[in-house]
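Structure first, then comments.
Nothing in this text is a laboratory measurement; each read-out follows from the coordinates by a stated rule. Owing to the predicted nature of the structure, the values given are computational and were not obtained by experimental measurement. Every residue, glycine as well, gets a Cβ built from its backbone with ideal geometry; the counts of neighbours run over all protein chains shown.
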Amino acid sequence: MGQDPGERPLRCAYCHDRVAGRDALACDACWTHLHPACAEELGRCPTLGCRGAGWAPSKRVRWEELVRAAAPWLALGEVLDAAGAWGPTEPGLSSP
């Protein structure tokens, strides 16, 4: 069984060293993680095209939390799919 992606160590997008989640800052627009000193030195988000205006403490979300939050939407998609709401899935097929 693989490692939970939510448990992978973070890397600073500026210096590329590991950064502890509790010590990281995240861009308020794209959530790119940086060390506080790197964010201060660079003065902006290192992500090309990002227009983030500030930094927030990093909040790492576990996969279980994402799945729990998405569950109602996933269930709705299954209901709509069963009802044929999406129309034909392949050219030449008719809806049920």
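A few points about this structure:
- Model label points for A56 and D28, set 7 angstrom from Cα along the Cα-to-Cβ axis, are 0.9 nm apart.
- Peptides 73-83, 32-42, ordered by how many other C-beta atoms sit within 10 Å of their residues on average, highest first, read 32-42, 73-83.
- Each of W86, W55 has some number of other Cβ atoms within 10 Å of its Cβ, and from fewest to most they run W86, W55.
- Note that region 8-82, at 25 °C in a medium of 0.890 mPa s, gets a Stokes-Einstein diffusion coefficient of 176 µm²/s from its Kirkwood radius over C-alpha pairs.
- In this simple spin-label approximation, A20 and L42 carry label points 7 Å from Cα along the Cα→Cβ vector, and these lie 2.1 nm apart.
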